[in-house]
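The values are calculated or read from the model by the stated rules, or taken from the named source; none is laboratory data. What you are looking at is a predicted structure, and each value in this text was computed from that prediction instead of being measured. Cβ coordinates were reconstructed from backbone atoms using ideal geometry, including for glycine residues, and neighbour counts include every protein chain displayed. In case anyone asks, the SASA skips ligands and DNA or RNA and just uses the protein heavy atoms, side chains included. Shrake-Rupley method; radii C 1.70, N 1.55, O 1.52, S 1.80 Å.
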Amino acid sequence: MAGCPVADPVGGPELFTWEFATDPYPAYAWLREHAPVHRTTLPSGVEAWLVTRYADARQALADQRLSKNPVHHAEPGKTGIPGERSAGLMTHLLNIDPPDHTRLRRLVSKAFTPRRVAEFAPRVQELTDHLIDAFARKGEADLIHEFAFPLPIYAICELLGVPREDQDDFRDWAGMMIRHGGGPRGGVARSVKKIRAYLGELIHRKRDDLGDDLISDLIRASDHGDHLTEAEATAMCFVLLFAGFETTINLIGNGTYALFRNPDQRALLQESLAAGDRALLETGIEELLRYDGPVELATWRYATRPLTLGGQDIPAGDPVLVVLAAADRDPARFDDPDALDLSRSDNQHLGYGHGIHYCIGAPLARLEGQTALATLLTRLPDLELAVPPEELRWRGGLIMRGLRTLPVRFTTPNVPEAE
């Protein structure tokens with residue numbers, strides 16, 4: 001998101017600078033009060049409406065007049081995931097509307113079930129412990145690159161059924177997408193094409209040798225004789241990977257950093273975990289999603305006809321971006337919204353969306369986030385930030401919000417010798 005300042009309303013904040021990326025919440029508070037549905041020019045040159053109040057955001061996320069299909073925008077190539085159009089990956093849940101969305105979501109839901117996620121919990125714990133074992137003896141680590149980044153990559157690879165010998169390739173491709181997320185779209189597009197080619201070949205192979213994995217279940221899934229086409233299955237696997245890994249990276253990174261900045265809340269969580277009580281962990285993950293969540297703006301929407309939102313007239317064809325980070329700090333909806341309260345009970349945040357496009361991978365992300373934070377705080381109880389907060393940098397990009405690095409230090413625990 002950051003890098004190219006954009007002039008906004010007279011007297012208002014400057015958007016999309018590096019300073020804004022570090023702490024966008026004061027700017028969002030100003031927009032909520034003075035320009036809650038505000039048209040701006042994004043760093044890409046695309047003009048779009050930013051929706052910042054909770055009530056308007058919740059309405060927009062479920063408004064069928066706002067399409068997810070970029071065909072409604074005059075320059076569809078400038079929006080969405082870089083490279084997905086040229087790679088033939090457009091037929092996924094983030095880009096389509098009912099009835100196609102209804103059909104695909106129903107088929108995918110038959111494969112990506114809560115039961116499958118719950119059964120995967122022991123493996124997520126194993127992956128978490130293995131990654132911590134790898135750096136625990138050093139007494140220091142970069143929690144993004146050594147922990148938050150590889151955990152969801154390896155987890156989604158195993159769920160999909162990517163062979164172990166190919167998983168490091170996925171890690172490399174995902175790393176390129178992260179590194180280039182705020183820069184030229186070509187870097188991301190190249191990774192997208194490589195992932196698309198690999199997934200297409202893997203799906204083709206699995207059709208003849210189905211296993212106990214998500215790709216095989218997607219191939220098996222049917223509804224009254226209707227199956228996913230190979231192109232649809234490839235696009236769905238891609239978006240599960242793309243949408244899943246970076247959100248979890250940011251949930252772990254942002255969440256850990258938020259606990260560093262709120263030591264009283266961290267102490268309460270560690271005390272509850274030590275007592276074997278996971279209730280605060282469960283409400284705490286929801287609060288971390290609200291407080292400084294991994295997704296800053298919901299993915300693109302386009303007005304299919306003229307409409308009014310938050311008292312603002314929006315012409316047909318205009319892109320609309322719901323600012324989840326702003327909506328989830330709206331004092332009209334949340335008491336003391338700028339405070340982190342891990343025990344917050346009235347917490348219908350929008351971190352994973354709302355309506356028919358609610359994130360299908362939310363249960364997996366919650367599982368990974370809870371496991372990662374609980375294990376870090378239990379195994380490395382004196383974990384602390386290793387650099388001054390002002391030295392941390394946030395990744396550029398429009399949709400996601402996450403740290404580039406998170407250097408930490410801790411007392412070296414007793415860990416088993418690596419095999």
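Can you tell me which residue in region 14-64 is most open to solvent (accessible area, probe 1.4 Å), limited to those that are closer than 17 Å to Gly353 by Cβ and part of a loop (DSSP other than H, G, I, E, B)? Please lay out each step first, then the result.
Of all residues in region 14-64, those closer than 17 Å to Gly353 by Cβ come to 50-64.
Those still in the list that are part of a loop (DSSP other than H, G, I, E, B) too: 52-53, 63-64.
On the way: Thr52: 0, Arg53: 93, Asp63: 25, Gln64: 163 Å².
Among those that are closer than 17 Å to Gly353 by Cβ and part of a loop (DSSP other than H, G, I, E, B), it is Gln64.
With buried (at least 20 other Cβ atoms within 10 Å of the Cβ), among the charged types (D, E, K, R) and more than 29 Å from Thr412 (Cβ to Cβ) as the only criterion, which of Arg366, Arg395 stands out? Spell out the reasoning first.
Numbers: Arg366 fails: buried (at least 20 other Cβ atoms within 10 Å of the Cβ).
Within the list Arg366, Arg395, the selection yields Arg395.
What tally of residues in region 325-369 results from selecting those that are among the charged types (D, E, K, R), over 22 Å from Ala21 (Cβ atoms) and touching a residue at least 24 places away in the same chain (Cβ under 8 Å)?
Of all residues in region 325-369, those among the charged types (D, E, K, R) come to 328-330, 333, 335-336, 338, 341, 344, 346, 366, 368.
Checking the rest, the ones that are also over 22 Å from Ala21 (Cβ atoms) come to 333, 335-336, 341, 344, 346, 366, 368.
When the remaining residues are screened for being touching a residue at least 24 places away in the same chain (Cβ under 8 Å), the result is 333, 341, 344, 366, 368.
Going through region 325-369 one residue at a time, the tally reaches 5.
Based on what the data block shows, is Ala298 out of contact with any Phe, Trp or Tyr (no Cβ under 9 Å at 6 or more places or on another chain), touching a residue at least 24 places away in the same chain (Cβ under 8 Å) and of a type in the set (Gly, Ala, Ser)?
On the way: out of contact with any Phe, Trp or Tyr (no Cβ under 9 Å at 6 or more places or on another chain): yes; touching a residue at least 24 places away in the same chain (Cβ under 8 Å): yes; of a type in the set (Gly, Ala, Ser): yes.
Against the criterion (out of contact with any Phe, Trp or Tyr (no Cβ under 9 Å at 6 or more places or on another chain), touching a residue at least 24 places away in the same chain (Cβ under 8 Å) and of a type in the set (Gly, Ala, Ser)), Ala298 qualifies.
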Practice task
For region 329-360, name all the residues that are closer than 30 Å to Thr113 by Cβ and of a type in the set (Lys, Arg).
Solution key: Arg344
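Residues to consider are Pro294, Pro263, Pro306; find the one that is over 22 Å from the mean Cα position of the chain (by Cα) and under 24 Å from Arg393 (Cβ atoms). Reasoning before the result, please.
On the way: Pro294 fails: over 22 Å from the mean Cα position of the chain (by Cα); Pro306 fails: under 24 Å from Arg393 (Cβ atoms).
Pro263 is the lone residue from the list that is over 22 Å from the mean Cα position of the chain (by Cα) and under 24 Å from Arg393 (Cβ atoms).
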Problem - Residues that are in contact with a helix residue (DSSP H, G or I) (Cβ under 9 Å, 6 or more places away or on another chain) and β-branched (Val, Ile, Thr), drawn from region 307-364 - result: Val320, Val322, Val323, Ile356, Ile360
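For region 275-296, give me each residue that is of a type in the set (Val, Ile, Thr), in a helix (DSSP H, G or I) and in contact with a helix residue (DSSP H, G or I) (Cβ under 7 Å, 6 or more places away or on another chain).
First, the residues of region 275-296 that are of a type in the set (Val, Ile, Thr): 283, 285, 295.
Going one step further and asking which of them are in a helix (DSSP H, G or I), we end up with 283, 285.
Result: Ile285, single match.
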Exercise for the section: Inspect all residues belonging to region 348-364 and state whether any of them is more than 17 Å from the chain's Cα centre (by Cα) and modelled with pLDDT of 95 or more. Expected result: yes
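Look at His145 and say whether it is surrounded by 15 or more Cβ atoms within 10 Å (Cβ to Cβ), of a type outside the set (A, V, I, L, M) and under 24 Å from Asp169 (Cβ atoms). Full working, then the answer.
Values: surrounded by 15 or more Cβ atoms within 10 Å (Cβ to Cβ): yes; of a type outside the set (A, V, I, L, M): yes; under 24 Å from Asp169 (Cβ atoms): yes.
In short, yes.
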Completion exercise
If you go through Leu373, Leu403, Leu380, the only one that is over 17 Å from the mean Cα position of the chain (by Cα), in contact (Cβ under 8 Å) with a residue 24 or more places away in the chain and open to solvent by less than 50 Å² (accessible area, probe 1.4 Å) is Leu380
Fill in the blank from the handout: Taking region 184-193 and keeping residues at pLDDT 50 or above and open to solvent by 40 Å² or more (accessible area, probe 1.4 Å) leaves Arg190, Lys193
Exercise for the section: Taking the residues in region 148-183 that are exposed (fewer than 15 other Cβ atoms within 10 Å of the Cβ) and closer than 20 Å to Glu296 by Cα as candidates, determine which candidate is modelled with the highest pLDDT. Expected result: Arg179
Practice task
Within region 95-118, identify whether any single residue is modelled with pLDDT of 90 or more and surrounded by fewer than 17 Cβ atoms within 10 Å (Cβ to Cβ), and answer yes or no.
Solution key: yes
Practice task
Would you check if there is a residue in region 276-295 being within 22 Å of Ala189 (Cα to Cα), open to solvent by 10 Å² or more (accessible area, probe 1.4 Å) and either in contact with a Gly (Cβ under 8 Å, 6 or more places away or on another chain) or modelled with pLDDT of 95 or more (or both)?
Solution key: yes
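To keep it simple, each residue is scored yes or no on (1) closer than 29 Å to Ile219 by Cβ; (2) β-branched (Val, Ile, Thr); (3) over 22 Å from the mean Cα position of the chain (by Cα); (4) in a strand (DSSP E or B).
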| position | (1), (2), (3), (4) |
| --- | --- |
| Ser109 | yes, no, no, no |
| Arg115 | yes, no, no, no |
| Glu126 | yes, no, yes, no |
| Asp129 | no, no, yes, no |
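Report those strands (runs of 3 or more DSSP E) wholly inside region 297-357 carrying at least 1 residues which are open to solvent by 20 Å² or more (accessible area, probe 1.4 Å) and of a type outside the set (A, V, I, L, M). Steps first, answer last, please.
Working: elements: 301-303, 307-309, 312-314, 319-322.
By residue number, 307-309, 312-314.
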